[in-house]
Amino acid sequence: MDFPKRYNPTEVEPRTRRFWNETGIYKFNPEDKRPIFSVDTPPPYVSSDHLHVGHAMSYSQAEFIVRYKRMAGFSIFYPMGFDDNGLPTERFVEKKHKINKSKITREDFIKLCLEETRNGAKVYRDLWEALGISVDWDLTYSTIDPRSTATSQKSFCDLHRQGRIQRRDEPITWCYKCGTSVAQAEIETAELESQLNDIAFIGPDGEDLIISTTRPELIPACVSLYVNPEDERYANLIGKKARIPLFDYEVEIRTHPDVAVDFGTGLMMVCTWGDMEDVKKWKEHRLDTRAIFNSWGKLGELAGPYENMTAQNARKAILKDLEEAGRLKKQEKISHIVGVHDRCDTPIEFNHSPQWFVSLLDKKDEYLARGEQINWRPGHFISRYSDWVEGLKWDWCISRQRFYGVPFPVWYCEKCGAPRVADESELPVDPLMKSPPQGTKCVACGHDVFVPEKDVMDTWMTSSLTPLINARWAFDDNLMDRIYPMSIRVQAFEIIRTWLFYTVAKSHHHTDSLPWEDVMISGWGLDEKGRKMSKSLGNYVPPEQVIEKYGADALRYWSARATLGNDLRYHERDVSNGKRLMTKLWNAAKFVAMQLEDENGEKRSLTPGAPTTIDRWIQSRLQQVIAEATKYMDRYEYSHAMEITERFFFTEFCDNYIEIVKERFWNPENFEADVVDAGRWTLYEVCEKVVKLLAPFIPYITEELYQIVFRADDSPVSVHVSDWPKADADSVDETALEAGRLLIAVLTGARRWKTDRQVNQNHPLKILRVCADDKLLEKLRPLSADLGAAAHADAVEFGGEGDVGTEIEEIRLALELGEKKK
RNA sequence: AGGCACGUAGCUCAGUUUUGGUUAGAGCGUUACGUUGACACCGUAGAGGUCGGCGGUUCGAGUCCGCCCGUGCCUACCA
């Protein structure tokens, strides 16, 4: 047997990858009749320059489970997708090429996006392949490809038919940097330093009416003043008019119970939408509309002399003018929370423009009920979901005033503006490229000329359909009854409110079911200080470098240390520790391999032989480990499965069993032949099972060992399609387990005694005398040969007096050093 | 402000639910010693913890309950 002295991942990993590709073991076979385990895995964004070990971590964690399920006998449906469209990609392209959508044609912009999409996909794919992520690349989708486009458009049409989609013209949260509407789910909060300004408006009798605002640039948008109805200070003002400083027009003074009496003066201005509260009062009281921003966030006509200024400049100018007019009474620094766009951190404003909405608010209860039906792992993450659903305030705005995304299957009547939604048979369609079918007439007015919808869909409108994209829901040859609902969704916690929630809502409305049965939530890989890895902090650890230095298996080992759903700090020493496990495994397997050949290099035939107590001990322990590891893997607790296997392998198999059994091979003349056989057989069995138990975590080295040592002519082609070990409860031998514990206690005592005398552990003992009560001695007596072998004792005797304590109090030892043999 | 997690050895983390139960574990680091018949990418042994704090339940609490302190994340702020 040709067994390399050292394991070299740099050589083995690419070769093994080629082997996997050639054998096609990760391909989904639709003809396979075994139960299917299908995985809805996150399609990463194109902006690949942000990849760090945290990404490697979360994808690896999900993949441990997939590899386990594959070995456990499931037919695996494991696709990868790429989230190529929508704002994330557009923002990435704008940043990289230092452009924005106003400075480039739609066509050129889309061309750049497609180009970056291809680049990004390649970087990702290279990394996933290097990591050994066992997806079936033939199942790959992109959220901009015809399949996803058709699926998204079918979703739109279906929801539209259900009356769940409407076009509404109302105030909408808006990002002026990106020039588009955004949905509630895309708004994050940020703490901002600001200034609270006390400004004197002019009361009906010319008196000062002081309001406090952080947004003085909105004064020209002011449409009303408000006080609390209980506030007696202002009772006489209600219904009267106040005059706006600088802009010189009048607004009515109204009441609303939401106005806090104790904030500032208790008097507030309400503008055409500085925030949600303004919108609320505007709707309730049908206030005037004074929209002052144009679509790029500069002030418009109503701002008079401040027209065309940015909000920031207008704020300064207006404050200066107010001060000169003596109307700025007080300024105070405050920090407050504002909503910002998650893609660019720009504070969110309100704007008024027609948008497409998916109604959500009327179905909160049903979404919450769906949440309860999901198997959340870990369970507590359901609260992230429920909290979000309960806190929903707006329906889902799905239209974006952008270029690169899935087009709406919609045209408008040129004459009356009524929308004409495509029929499902027309999908996929880009209305900019294609008109409605010949002879189509407007249902409202009968006119036959249409103009295309130019907006594109929110990227989540598409990615919320990944289970349905995978199942080819929009196509005749779909896999709906085979893979849908999918078995599992894997993702990190930060996109519960977006990807997860929207996917649940979509499946609820399209198929009246959950999209999947289980959800497995991963944590984040953090830097050494526990901070999130980010480019700006410079605490990035690129996974390629780690793989190059330690191998993919070592990086995966680090990933497997994080318990399910918890964050994990990245320390190179943990990766290095993975390397250590690999080295140990390599050497242990090498030792096993050595015993499989005779002196002439001929392969020995393995027979169970006559197992000794210690052979039965390690076999029994193995059965327990298999049972526990399997239990953990079934619960997606991969970290515990690996840990228990690793500990068993190191401390019981290597440190004790191999040390005990090796004497049989070095001095076979001291043992019965079938005892030597039993040792050989047990070594092989246990090591093979350990290799299999570790295969999901460290797939490369285990594959290599399987091919070199454990693959027989009639075995499966790869360890990764071999059978996951089955625990055999009947073969757990309680007597042997107890005996093994006693033996290790004696051995540890002998080792300590030698260490105290500063002699080599191999140094022979003339006599090892075990002293304990008769009951214990009875249990220990059958171990005599193994004990002598392990402690390198010429003679093992029982009974009498001893002075070396062991870990089991009742056992004491008397030892006598022998001559060192040369 | 509310919600959810977390707080265990110098460091990084298990263990806390299902099941409360003798001296609380691992790896790294550290100390001493050893070593070339799987492995120096090594072995053996040692030192190291009032399990964030206080109180409660219990024969018994790292584990269950209450309160508090600290950290992180999520959600939300009264302009």
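The values are calculated or read from the model by the stated rules, or taken from the named source; none is laboratory data. In this text the structure is predicted, and so the values were computed from the model without any measurement. All Cβ positions, glycine included, derive from the backbone under ideal geometry; neighbour counts span all protein chains shown. Remember, those area values only see protein heavy atoms, side chains included, never the ligands or the DNA or RNA. Shrake-Rupley method; radii C 1.70, N 1.55, O 1.52, S 1.80 Å.
When A:LEU526, A:LEU564 are checked against the criterion of being farther than 29 Å from A:PRO14 by Cα, among the hydrophobic types (A, V, I, L, M, F, W, C), open to solvent by 10 Å² or more (accessible area, probe 1.4 Å) and within 11 Å of RNA strand B (Cβ to nearest atom), a single residue qualifies: A:LEU564. Applying the criterion of at least 3 residues that are without any contact (Cβ under 8 Å) to a residue 12 or more places away in the chain to the strands (runs of 3 or more DSSP E) found wholly in region A:450-526 leaves an empty list.
Screening region A:236-313 for strands (runs of 3 or more DSSP E) wholly inside it with 2 or more residues that are closer than 16 Å to A:PHE201 by Cβ, more than 15 Å from RNA strand B (Cβ to nearest atom) and open to solvent by 30 Å² or more (accessible area, probe 1.4 Å) returns the ranges A:241-243, A:250-255. Out of region A:37-79, which residues are modelled with pLDDT of 95 or more and surrounded by fewer than 20 Cβ atoms within 10 Å (Cβ to Cβ)? Of everything in region A:37-79, those that are modelled with pLDDT of 95 or more and surrounded by fewer than 20 Cβ atoms within 10 Å (Cβ to Cβ) turn out to be A:ALA72, A:GLY73, A:PHE74, A:SER75. Among the residues of region A:660-687, those that are charged (D, E, K, R) and buried (at least 16 other Cβ atoms within 10 Å of the Cβ) comprise A:LYS662, A:GLU663, A:ARG664, A:ASP677, A:ARG680, A:GLU685. Residue selection: A:ASP2 satisfies the criterion of being in contact (Cβ under 8 Å) with a residue 40 or more places away in the chain, open to solvent by 30 Å² or more (accessible area, probe 1.4 Å) and among the acidic types (Asp, Glu). Scanning region A:1-15 for residues that are under 16 Å from A:ARG711 (Cβ atoms) and away from RNA strand B (no atom under 12 Å from the Cβ) returns A:MET1, A:ASP2, A:VAL12, A:ARG15. The lone criterion from (1) more than 8 Å from RNA strand B (Cβ to nearest atom); (2) within 20 Å of A:LYS329 (Cβ to Cβ); (3) open to solvent by 20 Å² or more (accessible area, probe 1.4 Å) left unmet by A:ASN197 is number (3).
Taken over region A:612-651, the criterion of being open to solvent by 30 Å² or more (accessible area, probe 1.4 Å) and either charged (D, E, K, R) or away from RNA strand B (no atom under 15 Å from the Cβ) (or both) is satisfied by A:ARG616, A:GLN619, A:ARG621, A:GLU628, A:LYS631, A:ASP634, A:ARG635, A:GLU637, A:GLU643, A:ARG647.
One line per residue, one yes/no per condition, for (1) in a helix (DSSP H, G or I); (2) out of contact with any Pro (no Cβ under 8 Å at 6 or more places or on another chain):
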residue	(1), (2)
A:CYS178	no, yes
A:THR189	no, yes
A:LEU192	no, no
A:LEU196	no, yes
A:ILE210	no, yes
A:LEU218	yes, yes
A:PRO229	no, no
A:TYR234	yes, yes
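Select from region A:683-708 the residues that are in contact with a Phe, Trp or Tyr (Cβ under 8 Å, 6 or more places away or on another chain) and β-branched (Val, Ile, Thr) and list them in ascending order. A:VAL686, A:VAL690, A:VAL691, A:ILE698, A:ILE701, A:ILE708, listed by residue number. Among the residues of region A:226-279, those that are small (Gly, Ala, Ser) and touching a residue at least 12 places away in the same chain (Cβ under 8 Å) comprise A:GLY239, A:ALA242, A:ALA260, A:GLY264, A:GLY266, A:GLY274. Taking helices (runs of 4 or more DSSP H) that fall entirely within region A:1-119, which contain at least 1 residues that are of a type outside the set (A, V, I, L, M) and touching a strand residue (DSSP E or B) at 6+ places or on another chain (Cβ under 6 Å)? Hits in region A:1-119: A:53-71, A:86-96.
Can you find, within region A:206-226, the residue that is farthest from RNA strand B (Cβ to nearest atom) among those that are among the β-branched types (Val, Ile, Thr) and over 19 Å from A:PHE293 (Cβ atoms)? Per the criteria, the residue is A:ILE210. Taking the conditions (1) farther than 20 Å from A:ALA785 by Cβ; (2) touching a Phe, Trp or Tyr at 6+ places or on another chain (Cβ under 6 Å) in turn, A:PRO608 satisfies each one other than (1). Of all residues in region A:162-175, those being assigned to a loop (DSSP other than H, G, I, E, B) and crowded, with 21+ Cβ neighbours inside 10 Å number 0. For region A:119-161, residues that are at positive phi and open to solvent by 10 Å² or more (accessible area, probe 1.4 Å) total 0.
Residues that are over 24 Å from A:LEU526 (Cβ atoms) and near RNA strand B (Cβ under 6 Å from one of its atoms) within region A:567-593 comprise A:THR583, A:LYS584, A:ASN587, A:ALA588, A:LYS590, A:PHE591, listed in sequence order.
Would you check which residues across region A:529-561 are surrounded by 14 or more Cβ atoms within 10 Å (Cβ to Cβ), in a loop (DSSP other than H, G, I, E, B) and within 11 Å of RNA strand B (Cβ to nearest atom) and list them? Those that are surrounded by 14 or more Cβ atoms within 10 Å (Cβ to Cβ), in a loop (DSSP other than H, G, I, E, B) and within 11 Å of RNA strand B (Cβ to nearest atom): A:GLY551, A:ARG561. Among the residues of region A:400-439, those that are assigned to a loop (DSSP other than H, G, I, E, B), closer than 27 Å to A:TRP473 by Cα and open to solvent by less than 30 Å² (accessible area, probe 1.4 Å) comprise A:ARG402, A:TYR404, A:GLY405, A:VAL406, A:PHE408, A:PRO409, A:ALA422, A:VAL429, A:PRO431, A:PRO436. Which one of these is over 21 Å from A:PRO409 (Cα atoms) and open to solvent by 10 Å² or more (accessible area, probe 1.4 Å): A:ARG497, A:ARG472? Testing whether each residue is over 21 Å from A:PRO409 (Cα atoms) and open to solvent by 10 Å² or more (accessible area, probe 1.4 Å) leaves just A:ARG497.
Taking into account only those residues within region A:320-339 that are more than 22 Å from A:LEU192 (Cβ to Cβ) and in a helix (DSSP H, G or I), which is farthest from the chain's Cα centre (by Cα)? Result: A:GLU324. Among the residues making up region A:354-369, those that are within 17 Å of A:ASP512 (Cβ to Cβ) and either open to solvent by 60 Å² or more (accessible area, probe 1.4 Å) or touching a His at 6+ places or on another chain (Cβ under 6 Å) (or both) are A:ASP362, A:ASP365, A:GLU366. Considering only residues that are in a helix (DSSP H, G or I) and among the β-branched types (Val, Ile, Thr), look in region A:568-607 and name the one that is surrounded by the most Cβ atoms within 10 Å (Cβ to Cβ). Taking the candidates together, the pick is A:VAL575. Out of the residues in region A:255-308 meeting the condition of being under 43 Å from the mean Cα position of the chain (by Cα) and at positive phi, tell me which one is modelled with the highest pLDDT. Out of the qualifying residues, it is A:TRP273.
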